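K.L.:
Structure incoming, see below.
The values are calculated or read from the model by the stated rules, or taken from the named source; none is laboratory data. Because the structure is a prediction, the values reported are computed rather than measured. Positions of Cβ are backbone-derived with ideal geometry, glycine not excepted, and every protein chain shown enters the neighbour counts. The accessibility values were calculated without ligands, DNA or RNA, using every heavy atom of the protein model including side chains. Shrake-Rupley method; radii C 1.70, N 1.55, O 1.52, S 1.80 Å.
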Amino acid sequence: MHKKISAIAIKGLALLAVRGTAYLGTSNRAMAQDAVTPYPKMAPIDQYLMTDQSAEIALARSAAPESISRDAEVLVLGRHGFETAVKGKNGFVCIVGRSWTSAPDAEFWNPKVRVPMCVNALAARSYLLHLTKETEWGLAGRTPAQMTESITAAIAKKELPPMESGAMCYMLSKQGYGGDSSPHWPPHLMFFYTDADLASWGANLPGSPVVGMSDPVEHLTQFVIAVERWSDGTEGR
């Protein structure tokens with residue numbers, strides 16, 4: 001999930017930034033790395049991991065209200081990919097995304113990125129499978145270009161599924177780190193579709209609270225809506 005953000009998405013993000021609710025998309029596949037990026041290559045794997053598993057579980061759960069996250073499954077990152085740390089009961093899955101799936105192009109290798117997110121069951125069976133597979137490829141050292149090739153091939157072979165209708169994600173954490181260029185994201189919800197029409201949601205239009213982004217390589221459309229409160233109930237603006 002590392003393409004360059006489209007021009008329309010950038011305009012939409014800029015609009016939200018003006019409102020104090022900037023959002024950095026999680027689908028920004030880099031076709032080529034910027035020559036001046038401060039992260040030109042992969043850091044040692046240990047830098048992408050969290051040594052305190054309980055801290056990673058707590059960070060993952062901070063993505064959604066406690067009423068949801070307390071019964072959610074929680075995944076933590078191991079040396080070869082995400083592993084189940086807590087079994088869930090309500091179909092939700094909480095996770096902390098890393099740079100390969102949750103940072104802008106120039107920060108593809110930024111080991112500091114920690115993005116809490118909690119997906120519903122529909123997204124766990126579709127969107128999350130993309131995210132976890134791409135994280136495995138990132139840990140294996142694949143470059144942005146290789147990542148793109150891998151995703152294209154996996155989708156063509158139907159190894160990665162289309163988005164299920166109703167797939168969504170909570171991203172309401174005060175914590176986490178979205179990258180040097182956008183360290184702290186505002187609370188927001190995300191909705192995932194396969195090749196949806198941005199106009200069907202009125203996304204990116206003047207006055208619309210909806211930001212839409214389309215990834216033609218992954219056939220992924222994301223709609224982002226900023227909300228007023230963090231997962232702990234405090235004001236997010």
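K.L.:
Rounded, prolate or oblate: pick one for segment 36-110, where a ≥ b ≥ c are the square roots of the eigenvalues of its C-alpha gyration tensor, a/c under 1.5 means rounded, and failing that, prolate if a/b is larger than b/c, else oblate.
P.N.:
Working: a/c = 2.86, a/b = 2.01, b/c = 1.42.
Because a/c hits 1.5 or more and a/b exceeds b/c, segment 36-110 counts as prolate.
K.L.:
Whose amide H sits under 5 Å from the amide H of residue 220, counting only residues 5 or more places off or on another chain, with H placed in the peptide plane?
P.N.:
195, 215
K.L.:
Right, another one. Across segment 139-152, in residue order, what do the Karplus-derived ³J(HN,Hα) couplings come to in whole Hz, using 6.51 cos²θ - 1.76 cosθ + 1.60 with θ = phi - 60° and x for Gly and Pro?
P.N.:
4, 7, x, 5, 6, x, 5, 5, 4, 4, 4, 5, 5, 4
K.L.:
Could you pull out every residue, at least 5 positions away or on a different chain, whose amide H is within less than 5 Å of the one on residue 185? Hs are placed 1.01 Å off N in the peptide plane, and Pro or chain starts have none.
P.N.:
For residue 185, the qualifying residues are 178.
K.L.:
If you don't mind, there's one more thing I want to ask. Where does each of 56, 136, 66 land when they are ordered by accessible area, with a 1.4 Å probe and the largest first? Write down the numbers at each step before the final one.
P.N.:
Values: 56 0, 136 65, 66 110 Å².
The residues order as 66, 136, 56, largest area first.
K.L.:
Considering amide H positions built from the backbone, and no H for Pro or chain starts, which residues 5 or more places from residue 229, or on another chain, come under 5 Å of its amide H?
P.N.:
It is 236, by chain and number.
K.L.:
Still on this model: If I compute solvent accessible area with a 1.4 Å probe over the protein chains, what percent of it on segment 71-120 is carbon and sulfur? All intermediate terms of the calculation are to be shown ahead of the outcome.
P.N.:
Working: 760 of 1520 Å².
So the carbon and sulfur contribution to the accessible surface is 50 percent.
K.L.:
Then there is this: List the chymotrypsin sites (Phe, Trp or Tyr not before Pro) within segment 39-96 that fall in a DSSP loop (any state other than H, G, I, E or B) and whose Cβ has at most 15 other Cβ atoms within 10 Å. Walk me through the intermediate numbers first.
P.N.:
Details: sites: 48, 82, 92; in loops: 92.
Nothing satisfies the criteria.
K.L.:
Follow-up question, since we're still on this one. Let me check the size of segment 88-168 from its C-alpha atoms; what are the radius of gyration and Dmax in Å?
P.N.:
Computed over the Cα atoms of segment 88-168, radius of gyration and Dmax are 13.1, 38 Å.
K.L.:
Could you do me a favour and compute the accessible area per residue for segment 130-237, 1.4 Å probe, result in Å²? Each step should come with its number before you reach the end.
P.N.:
On the way: 4870 Å² over 108 residues.
Result: 45 Å² of accessible area for each residue.
K.L.:
Also, quick follow-up: Over segment 43-117, what is the mean sequence separation of C-alpha contacts under 8 Å (at least six apart), divided by residue count, expressed as relative contact order in percent? If you can, show how the numbers build up before the last one.
P.N.:
On the way: 129 pairs, mean separation 23.3, N = 75.
It comes to 31 percent, rounded to a whole number.
K.L.:
Can you give me the % of accessible surface on segment 130-207 that is carbon or sulfur? Probe 1.4 Å, all protein chains present, nothing else counted. Please report the intermediate quantities before stating the final value.
P.N.:
Working: 1960 of 3620 Å².
Using a 1.4 Å probe with all protein chains present, segment 130-207 comes out at 54 percent carbon and sulfur.
K.L.:
Please report the relative contact order for segment 67-208, taking Cα pairs under 8 Å with a sequence separation of at least 6, and give it as a percent rounded to a whole number.
P.N.:
Details: 239 pairs, mean separation 30.0, N = 142.
The normalised contact order for segment 67-208 reaches 21 percent.
K.L.:
Further question on the same structure: Can you work out the Karplus-derived ³J(HN,Hα) for every residue in segment 153-163? Use 6.51 cos²θ - 1.76 cosθ + 1.60 with θ = phi - 60°, whole Hz, and x for glycine or proline.
P.N.:
5, 5, 5, 4, 8, 6, 7, 10, x, x, 6
K.L.:
Run the numbers on segment 136-237 and let me know its relative contact order in percent, using alpha-carbon pairs under 8 Å that are six or more apart. Spell out each step's value before the answer.
P.N.:
Numbers: 147 pairs, mean separation 24.4, N = 102.
That works out to 24 percent.
K.L.:
Kindly state, to the nearest 0.05, the FRET efficiency for residue 197 paired with residue 235, given R0 = 30 Å and r defined as their beta-carbon distance.
P.N.:
Efficiency, rounded to the nearest 0.05: 0.35.
K.L.:
Please express the shape of segment 110-229 as an equivalent ellipsoid: the semi-axes are the square roots of 5 times the eigenvalues of the C-alpha gyration tensor, given largest first in whole angstrom. Please report the intermediate quantities before stating the final value.
P.N.:
On the way: eigenvalues 107, 77, 37 Å².
For segment 110-229, the semi-axes come out at 23, 20, 14 Å.
K.L.:
What FRET efficiency do you get for residue 152 and residue 66 if R0 is 35 Å and r is their Cβ-Cβ distance, rounded to the nearest 0.05? Write out the running numbers ahead of the final one.
P.N.:
Values: r = 39 Å, r/R0 = 1.12.
With R0 = 35 Å, the Cβ-Cβ based efficiency is 0.35.
K.L.:
So what are the ³J(HN,Hα) numbers for segment 55-64, from phi and the Karplus equation (6.51, -1.76, 1.60; θ = phi - 60°), rounded to whole Hz, Gly and Pro as x?
P.N.:
Result, rounded to whole Hz: 5, 5, 4, 5, 5, 4, 5, 5, 5, 10.
K.L.:
Jot down the per residue volume, in cubic angstrom and as a whole number, of the convex hull over the alpha-carbon atoms of segment 169-225. Can you show the working numbers first?
P.N.:
Details: hull volume 5.8 nm³, N = 57.
Output value, Cα hull per residue: 102 Å³.
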